[in-house]
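Data first, discussion second: the structure below is written as structure tokens.
The values are calculated or read from the model by the stated rules, or taken from the named source; none is laboratory data. The structure presented is a predicted model; accordingly, all values stated were derived computationally and were not measured. Cβ atoms come from the backbone with ideal geometry, glycine included; neighbour counts cover every protein chain shown.
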Amino acid sequence: MDFEILIQNILNALQWGSFYALIALGYTLVYGVLLLINFAHGDIFMVGAYVGFFFAILFTGNSFIQIPFDIPLWLVFILTVVLSMIVTSFVGVTLERVAYRPLRRKGANRLYVVITALMCGLILENANLAFFGASRRMFPELIDKTIYTFGTISISNIKIMVIITAIMAFIILELIIRKTRIGMAMRAISYDRVAVPLMGIPIDRVIVFTFVLGSSMAALAGVLFVTAYPVLEPYMGAIIGWKAFIAAVVGGIGEIRGAFVGGFLLGFIEIFVAAFFPSTFRDLIAFSLLLLLLSMKPTGLFGVSRSTKI
Amino acid sequence: MMHILHKYQYFILYILFSVLMVFSAQQEWINAYIQLVIMYIGINIILSSSLNIVNGYMGEFSCGHAGFIAVGAYVTSVLNVWLFASDRVFGPAILGEYWALTLFPVTLLAGGLIASLVGLLVAIPSFNTRGDYLAIITLAVNYIVKSAIENIQIIGGARGFMGMRKVVNAMQDVWDIPWMMVFILFFTGFTVWIIWRFVSSTYGKGIIAVREDEVAAEIMGVNTRRMKMTAFMLSSGLAGIAGGLFAHVLGYINPGSFTIMKSTEVMVMVYLGGMGSLSGSVISAVLFTVLLELLRPLQVIKWVVIPLMLILLMMFRPEGIMGNRELRDFFPKHDKK
Amino acid sequence: MTKNNESLMSFLQINNLTQRFGGLTAVQDFTFDLQQGVLPGLIGPNGAGKTTIFNIVCGFYHPTIGKITFENQSIVGKRPNKITRLGIARTFQNIRLWSEMSVLDNLCISQHANLGYGLWDAILRTSRYQTKERDVHQTAMNLLEKMNLQDHAQNRPKNLPYGIQRRVEIARALATQPRLLLLDEPAAGMNSKEVEHLIELIAWIRKEFDITIWLIEHDMRVVMNVCERIIVLDFGQIIADGPPESIQNDPKVIKAYLGNIEE
């Protein structure tokens, strides 16, 4: 492969992987603390994108609510991102409060919570479809797209922003987990859920915080995604969500580094497979490779196996 | 004589019921729509009870059942269209109409067989992997099957495959009765029969032991690997048969019908009925199919209502309608020693 | 009390067994020749490696180093269900009955090694299935009757008192028709009366079924009453091996584990 084409693909893979990484981080955070596969997470990503969309058209004066002054586009973008993260966190926390917590209180079998999560995801998707219709929406252009070229390699400022955001999100998360008290509480809960409340740690608050973090990551990914690829549709979260989930597991579910690496790994696999094979083979080969990886290392790249003691 | 009637009572009742159904369809006492719903009920019974083997009795979390349905659907359809119908891609029918009727069960079983072999893709990893990790593998297999089909252009790829209508017509040219109804009634009964025989034997109960405590099962002499293989292959094989039937009722199939959405539908039925209850799976399949039809006017909201119902179920009655009991437990036999 | 003095066939022979888990050495160079019919006890402080040895013998772990033969057949590396088929059964420290199934089913399923029929027989209900299935049920019921548990046949273990569950667990292991039975702390959680019954039960099992039993136990009443040979384990190594009297007075053992026995 030509060196320049290689670099181009690497850059594309980094950008594509950033989305998976951001979403995978959310999965892993919740799993680490609750041992719950939050199957609704991909749809949280979708909610983030749609919420961002509504704020964007509000602030750019394109919705039926008119604001009396003009806001510069870069500010709109920042507002969109921040507000979307906040609102989507609300949605995520509401899910936790209304659907997951009652089951947790009852000490219900994990499986029932997982099924509930799956159902919540379906509700989000289809409620969107029902209330806002099947027509696709176009995300308004908020950022002046500039393309930098080096020889035949081109990269847009949006791509750069996505990659940098993903890396920064990871660093901030790592800092939170390792350096703050609440991060330590999160780690403690993942080791021993029963003992932690007995030690005086407000487990509910930590769980809410985890959902806030995870949902914000997903919302951030959502807004960035529709900035880069401006089409929104109700099922957009489903496929990406499932794939990001697989990426999180391949990386080692419960491990933040695993989710981060797994997300980029999937991005790389997809882009490079598409470079060599017809695009219809992309999913097929990507999943087969992931399956192979999992069968070789069943607990994922960074995962720790929990062995049974008898 | 009475003794025989009593021993085979369920069998005889089912045959009478089936004959009644087919006759009513033939005489058009029940219209085409009702016939379709009945056929869907049959297919859903096969789907939900087959998934119950793995998700209920064996306690795994398989979320990729649609992959096996797809395999059966495509294998049976392609074989049938190739052999019994004239088609743009495959040319004229190789065997005549009469063969369509006699060999339909054979191609259906062939679809089931191939589907059960694909089930090995999940069975073998299950030896060392459980729970969430195995769930991923089932997801991945579902995707891989769907993707693979999309890439095989000769059978239509993403555009889909059709021609099954001609096969059904060929069968009706031999004897004009609603054949799909016949076959569905037969295979539904067959499925329930096989599964019941399996799980009520001490051999089959090994899979329940695997669910309750796999380590203890292994150490008490249960060959857990063989149990897992049997369970997965039986489950996916029956799903494949359901797929073949589904394809011929619809007349057209495409990979888009066999995604996680479809797998989720089947899971809803299993958990609604009760994990590890065969009668539960049957009851919930009936309820679910009817519910889907009743909610049809609501269109998309239907898919908000159904998940909501399942969430409420999880909160207030997670063991489903039947829990892990069977109808039999409510009506104990009087002559039981 | 060895059966055949001239028999060349060893019963259970463990040579140089070492088990490492990452940096931790759980068992170190454990060598032991168990003769058929002798009832040895394996004692030692918690964490000494006793259950680990049982786990290795029944096939749950593969040893880092070492050889184990049972009736002259190597069993290292075999899957646990195969080892059960060769004639070794065990009970667990924490009761591991299948709680959603009846006691009777628990005993039927543990006969999987001797079912005598397969999938097709089960589905087609061949005459082979009918006979064998009846035998399985009969064997299970007989066992329950012998152990005075027949009234609980249809109950689920989770609804039964602890002492009864323990007996069911032993019955289940017996249903696999073993020649060697490993009992892992069967007296755990029992009161004096139950311990007395347990001692009687062990003696009865040896006589009734002609089984060799190997026992891990903390309760010295059981050990001293029942064992003919005691191996003491500390930090994965054997620190003493001999008849009960000599073990009781062994200073090393007293220091590590027993304290002063005034029973």
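Okay, here's what the table says:
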read-out: Residue match in segment B:240-256 (condition: within 12 Å of another protein chain (Cβ to nearest Cβ) and touching a helix residue (DSSP H, G or I) at 6+ places or on another chain (Cβ under 6 Å)); value: yes
read-out: Verdict on C:E133 being at negative phi, modelled with pLDDT of 90 or more, touching a Cys at 6+ places or on another chain (Cβ under 9 Å) and more than 14 Å from every other protein chain (Cβ to nearest Cβ); value: no
read-out: Residue pairs meeting the criteria (Cβ under 8 Å; at least 6 apart or on separate chains; first closer than 12 Å to A:I207 by Cα, in segment A:85-101; second hydroxyl-bearing (S, T, Y) and part of a helix (DSSP H, G or I)); value: A:G92/A:S215; A:V93/A:S215; A:Y100/A:T116
read-out: Residues located in segment C:62-86, provided they are part of a loop (DSSP other than H, G, I, E, B) and more than 8 Å from chain B (Cβ to nearest Cβ); value: C:H62, C:P63, C:T64, C:E71, C:N72, C:I75, C:V76, C:G77, C:K78
read-out: Subset of segment B:40-56 [modelled with pLDDT of 95 or more and not polar (S, T, N, Q)]; value: B:Y40, B:I41, B:G42, B:I43, B:I45, B:I46, B:L47, B:L51, B:I53, B:V54
read-out: Which listed residue, of A:I44, A:I37, A:I23, is in contact with a helix residue (DSSP H, G or I) (Cβ under 7 Å, 6 or more places away or on another chain), of a type outside the set (S, T, N, Q), modelled with pLDDT under 85 and surrounded by 24 or more Cβ atoms within 10 Å (Cβ to Cβ); value: A:I37
read-out: Which listed residue, of A:N109, A:N126, is polar (S, T, N, Q), within 14 Å of chain B (Cβ to nearest Cβ), out of contact with any Cys (no Cβ under 8 Å at 6 or more places or on another chain) and exposed (fewer than 15 other Cβ atoms within 10 Å of the Cβ); value: A:N109
read-out: Flag if C:S99 is among the small types (G, A, S), within 13 Å of chain B (Cβ to nearest Cβ), in contact with an Asp or Glu (Cβ under 7 Å, 6 or more places away or on another chain) and within 27 Å of C:I164 (Cα to Cα); value: yes
read-out: Any chance C:A89 is assigned to a strand (DSSP E or B), at pLDDT 95 or above and not aromatic (F, W, Y); value: yes
read-out: Residue within segment B:272-280 that is more than 15 Å from the chain's Cα centre (by Cα), part of a helix (DSSP H, G or I), more than 14 Å from chain C (Cβ to nearest Cβ) and surrounded by 24 or more Cβ atoms within 10 Å (Cβ to Cβ) present; value: yes
read-out: Which listed residue is at the interface with chain B (Cβ under 9 Å from one of its Cβ atoms), at negative phi and outside any helix (DSSP H, G or I), from A:I253, A:I246, A:I285; value: A:I253
read-out: Selected residue (criterion: surrounded by the fewest Cβ atoms within 10 Å (Cβ to Cβ)) from residues of segment B:132-147 that are modelled with pLDDT of 90 or more and touching a Ser or Thr at 6+ places or on another chain (Cβ under 7 Å); value: B:I144
read-out: All helices (runs of 4 or more DSSP H) inside segment B:83-180 with 1 or more residues being of a type in the set (S, T, Y); value: B:97-123, B:131-150
read-out: Residue list for segment C:29-60, restricted to those being within 14 Å of chain B (Cβ to nearest Cβ) and either in a helix (DSSP H, G or I) or more than 16 Å from the chain's Cα centre (by Cα) (or both); value: C:T51, C:F54, C:N55, C:I56, C:V57
read-out: Breaking point among (1) surrounded by 15 or more Cβ atoms within 10 Å (Cβ to Cβ); (2) outside any helix (DSSP H, G or I), for A:G200; value: (1)
read-out: Residue list for segment A:256-282, filter: part of a helix (DSSP H, G or I), without any contact (Cβ under 8 Å) to a residue 12 or more places away in the chain and within 14 Å of chain B (Cβ to nearest Cβ); value: A:A274, A:F281
read-out: Within segment C:88-138, tally of residues that are crowded, with 17+ Cβ neighbours inside 10 Å, among the hydroxyl-bearing types (S, T, Y) and closer than 21 Å to C:A171 by Cβ; value: 2
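A quick yes/no check of all residues on (1) within 14 Å of chain C (Cβ to nearest Cβ); (2) touching an Asp or Glu at 6+ places or on another chain (Cβ under 7 Å); (3) among the aliphatic types (A, V, I, L, M); (4) over 30 Å from B:W99 (Cβ atoms):
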| position | (1), (2), (3), (4) |
| --- | --- |
| B:I137 | no, no, yes, yes |
| B:I144 | no, no, yes, yes |
| B:D173 | no, yes, no, no |
| B:I184 | no, no, yes, no |
| B:F198 | yes, no, no, yes |
| B:Y203 | yes, no, no, yes |
| B:A216 | yes, no, yes, yes |
| B:V222 | yes, no, yes, yes |
| B:G237 | yes, no, no, no |
